[in-house]
Amino acid sequence: MHPENLPHKFAAAELNIFTTMSALAQEHQAVNLSQGFPDFAVDPALPQLLYEASKAGFNQYAPMAGLPGLRDAIAADIARRHGVTADAGTEITVTPGATYAIYTALSAVLRPGDEVVVLEPCYDSYKPNIEMQGAKPVGVKLQPETFRPDWQALKDAIGDKTRAIIVNTPHNPSGTVWSRADWDCLAALVSGRNIYILSDEVYDQLVFDGLQHTSVLQHPELRSRSFALFSFGKSLHSTGWKIGYCIAAQDLTKAFRNIHQFLSFSVNTPAQHALAHFLARPASGGAASALLQQKRDYFLELMQQTPFRLLAPAAGSYFQLASYAHLSDLPDTEYAVMLTRQYGVATIPVSVFYSDRHDDKILRFCFAKKEETLLQAAERLSRIG
């Protein structure tokens, strides 16, 4: 057997940019502001609850849809934070991470030859996941610098083969947050069409400056055709736990679970118990947003010492964008590698979030780090020309 005979199911590179840049950061002992994971501790209650659940014997398979106690806790949490009613038995499914949930939702609705509209720049798993279903991603660029939707371009991209549209709010990589008006515009575009919405809302609890996250679940015209995808890893800063969940109408959830049962079937049982008990505690009242806004503000202040031009402050997420166009003509991938090797700071070039590798000479910085990490990175970046 020869490896060249194996099927090639998507057009992306074999190693994604996050793996590449994190490996380069390790090789050069660089401050890693590339991959979106915190370097600070989780709430100490979480590992304690995990330990207690495992010690109590909750170490075997959980039900396919997720522990009833956790799904009940998710339903209560969504009702409290978003005013949305979701049936724990028929509309909520616990998954091994949100990226998995994206793949499963796409598998549930796509047929070979379908098209999926993707707003770019976008999270790099969307397009390979679409292509692995035999479908075609159709990229639509967000507006430069603001990363707001270009509604005319989105309308023009929708055709007879359009099966789904992927939305991400708060947005990775820009941190832009959708408003109710944005959802209204999308609803008008898909009205009367058999188009599903995948709403990637993994940063829903990380929204800043008094803004409110608006979920697709809150929109009555979109609720019945949408998969809303969430991540405990982002909201609880525990990305290594790899637990997320999907909320969708009953018929969509049934289709989702039909795929899920043959991909993963079950999700980490003691972690589900720990999360159920954690969610049952008194509400923290936006502690995650407050913590990350403090880190964002500190990072913005530090970056004033560097020659980079900051784009608008991130309205949500883990990320801040900055331009180096006035500093260098290097392509952003080369500039990011140069920063890692010569200045010891790893970032993500934004061109990798575009299907055509559109390059505005912008880098993405992750500010979900300890203050000393951010300070060290800024000190190194301040040495640039």
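Structural remarks
- Within the chain, antiparallel bridges make up roughly 50 percent of the DSSP beta bridges whose residues both belong there.
- Chain lengthening between residue 187 and residue 54 when straightened (0.36 nm per residue, less Cα-Cα): 43.4 nm
- Set of lysines near residue 161 by C-alpha distance (under 23 Å), chain-local residues within fewer than 8 positions excluded: 9, 127, 136, 141
- Burial ordering of 136, 161, 369, fewest other beta-carbon atoms within 10 Å first: 161, 136, 369
- Once the chain from residue 40 to residue 224 is taken as fully extended at 0.36 nm per residue, the excess over their C-alpha distance is 62.4 nm.
- Each residue, residue 310 and residue 370, gets one label point 7 Å from its Cα in the Cβ direction; the gap between the two is 2.3 nm.
- In plain terms, the chain from residue 64 to residue 132 could stretch by 22.1 nm, reckoned as 0.36 nm per residue minus the Cα-Cα distance.
- The range 37-79 and the range 84-110: distance between their alpha carbon centers, rounded to Å: 17
- GluC sites (Glu not before Pro) restricted to DSSP loop in the range 1-87 with at most 16 other C-beta within 10 Å: 14
- Cubic angstrom per residue, convex hull over Cα atoms of the range 43-97: 103
- Residue order, fewest to most beta carbons within 10 Å, for 367, 18, 58, 319: 18, 58, 319, 367
- Partner lysines for residue 370 [C-alpha distance under 22 Å; skip if fewer than 8 residues away on the same chain]: 234, 242, 295
- The protection proxy used here, the mean number of other Cβ atoms lying within 10 Å of each residue, ranks peptides 301-308, 216-223 as follows, highest first: 216-223, 301-308.
- Debye log10 I(q)/I(0) at q = 0.08, 0.11, 0.15 Å⁻¹ for the chain, Cα point scatterers: -0.41, -0.80, -1.46
- Burial ordering of 154, 375, fewest other beta-carbon atoms within 10 Å first: 375, 154
- For the range 45-279: relative contact order, % (alpha-carbon pairs under 8 angstrom, 6 or more apart): 31
- Cβ-Cβ FRET estimate between residue 161 and residue 283, R0 fixed at 45 Å, reported to 0.05: 0.55
Laboratory data are not the source of any read-out in this text; all were calculated from the coordinates shown. Every value quoted in this text rests on a predicted model; they were computed, and no experiment measured them. Cβ sites come from the backbone with ideal geometry, for glycine too, and all protein chains shown count toward neighbours.
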